[in-house]
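Structure, as structure tokens:
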Amino acid sequence: MKNIGVLTSGGDSPGMNSAIRAVARTCAHYNLKCTGIIRGYQGLIENDTKVLYTRSVRGIINRGGTFLYSARSDEFKTEQGRKSAYDNLIKNNIDGLVVIGGDGSFTGGLKLIQEYDFPVIGIPGTIDNDLFGTSHTLGYDTALNTATEAIDKIRDTAISHHRLFLVEVMGRDAGFIALNTGLAIGAQEILIPEVNMSLDNLIDSLKRSKNAGKTSTIIVVAEGDKTGNNVFQLADTIETKLPKYEVRVSVLGHMQRGGSPSCFDRVLGTQMGITSVESLVNNEKGLMIGISNGKIAKTDLSKAIKGKTKINKELLRMSRIMNT
Ligand code: ADP
Ligand code: F6P
């Protein structure tokens, strides 16, 4: 292993820069060359690369987004696209690749291993926390803090105007952000993709909350919640069935993916970046670097993608105890 490539792919997440920095500096530590690939797999297909020296990655650990930029590449999903990407890995004398991204990016990385026997190690960079084999994905902690802070601000208006707010947080397929921020801000209900809370139960809960004399109410809704209704449809239903409520909707959106990474994500990115290089040096491949009980844990990429981390439904029960 003389030259290690690193790319970020798919949705960006806070902490990716910390991981890139760690990859580059660990390469320098072991006297390896580090090649940064710009805009993920698409940049690899277009042979858009730059050498990363120790000083190339200064001043980025505190920055959100990804300094190597990210992309979604449909071309890489084709055999021809992956052939061009592989040819460029060889042209650049890259011996191993660190892929920082989500399950889609890992699926792409697995194909490089299967089709070309090319060594790939994955770092789970996504705010959704939806990869198996790690208690925390990179960026998840920051996103929780960002969403919590944002909903605290919305709570001020909810209190001042005696309103009900439906707040949509990210999570197309996973409710980790919704569940934890919901508990942190004292949500009346938390709607997530993993649990079907029927509309009837939601309406009953709101009736109870009114009868209990609550004046401000917040419902946290994950993008992919199981009722199948988006936040605006939910708001219409509530206003029709419970006209006493003055309802507002707030969609937090991409603000949750940006911003300076938390201390936790900076440390996690550093640990993951260092371990990814050391794994490649030790001839390991096809692994995701995760964290479990505070310790680095490695999981087969295929398991990381296919396995499901179970949501802690106990937190939902506890949230309801808090809202009696
Ligand atoms: P994420 O990594 O955040 O889950 P995507 O699902 O958009 O984001 O995947 C990122 C990129 O990974 C895609 O744009 C594509 O280049 C690559 N990728 C995803 N799925 C596949 C696949 N089945 N085969 C090859 N490459 C894939
Ligand atoms: O990074 C994952 C995620 O935040 C999902 O929760 C969300 O549905 C998706 O990205 C949106 O991504 P984009 O706007 O990049 O398509």
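Once amide H atoms are placed 1.01 Å from N in the peptide plane, what residues at a sequence separation of 5 or more from THR309, or on another chain, have their amide H within under 5 Å of its amide H?
Under 5 Å from the amide H of THR309: PHE132.
With the radius of gyration and the Kirkwood radius both derived from the Cα set of region 143-257, what is their ratio Rg to Rh?
0.93
If the limit is 32 Å between Cα atoms, which of LYS2/LYS310; LYS77/LYS308; LYS244/LYS310 go over it?
Pairs exceeding 32 Å: LYS2/LYS310; LYS244/LYS310.
Going Cα to Cα from LYS207, which aspartates and glutamates come in below 20 Å? Please leave out same-chain ones fewer than 8 positions away.
GLU189, ASP236, GLU239, GLU246
Could you calculate the contour length gain from GLU246 to THR324, that is, 0.36 nm times the residue separation minus the distance between their Cα atoms, to one decimal place in nm?
Computed gain between GLU246 and THR324 is 26.0 nm.
Over all Cα pairs of the chain, how is the pair count split among 10 Å bins, expressed in % and running from 0 up to the last occupied bin?
Each 10 Å bin holds this share of Cα pairs: 6, 27, 29, 18, 13, 6, 1.
Pairing rule first: another cysteine's C-beta must sit under 4.7 Å. Under that rule, which cysteines of the chain stay single?
Here CYS263 come out as lacking a disulfide-compatible partner, given the Cβ-Cβ threshold of under 4.7 Å.
Given the DSSP H assignment, sum -39500 (n - 2.57) over each helix run of at least 4 residues in the chain and divide by its residue total; what's the result at 222 nm in deg cm²/dmol, nearest 500?
-13500 deg cm²/dmol
Grab the beta carbon distance between THR215 and VAL267, set R0 = 45 Å, and tell me the FRET efficiency rounded to 0.05.
Calculated value: 0.65.
Give me, ordered by chain and number, the residues 5 or more places off ASP300 or on other chains with an amide H under 5 Å from its own placed amide H.
Close amide H contacts, sequence-distant or interchain: MET288.
List the lysines whose alpha-carbon lies under 19 Å from that of LYS313, not counting same-chain residues fewer than 8 positions away?
Here the lysines satisfying the reach criterion relative to LYS313 are LYS226.
Show the residues, 5+ positions off or on another chain, whose built amide H is closer than 5 Å to the amide H of LEU52.
Here the answer is CYS34, THR35, GLY36, since their amide H atoms fall under 5 Å of that of LEU52.
Treating the beta-carbon of each Lys and Arg as +1 and of each Asp and Glu as -1, no other charges, what is the dipole magnitude of the chain about its Cα centre, to the nearest 20 debye?
Here the chain has a charge dipole of around 580 debye.
Once fully extended, how much extra length lies between GLN114 and ARG72, figured as 0.36 nm per residue of separation less the alpha-carbon to alpha-carbon distance?
Taking GLN114 through ARG72 to full extension adds about 13.1 nm, to one decimal.
Taking 7 Å along the Cα-to-C-beta vector as the label spot, tell me the LYS306-ASN293 distance in nanometres, rounded to one decimal.
2.6
For region 219-312, which trypsin sites (Lys or Arg not before Pro) are in a loop by DSSP, counting at most 16 other Cβ atoms within 10 Å?
Qualifying residues, ordered by number: LYS226, LYS244, LYS308, LYS310.
Round to a whole angstrom and tell me the spacing of the C-alpha centers of region 22-38 and region 119-175.
31
Quick note: the coordinates plus some simple rules give every number you see, no bench work behind them. Remember, predicted model here, so these are calculated numbers, not experimental data. For neighbour counting, all protein chains shown are included, and Cβ atoms are generated from backbone atoms with ideal geometry for every residue, glycine included.
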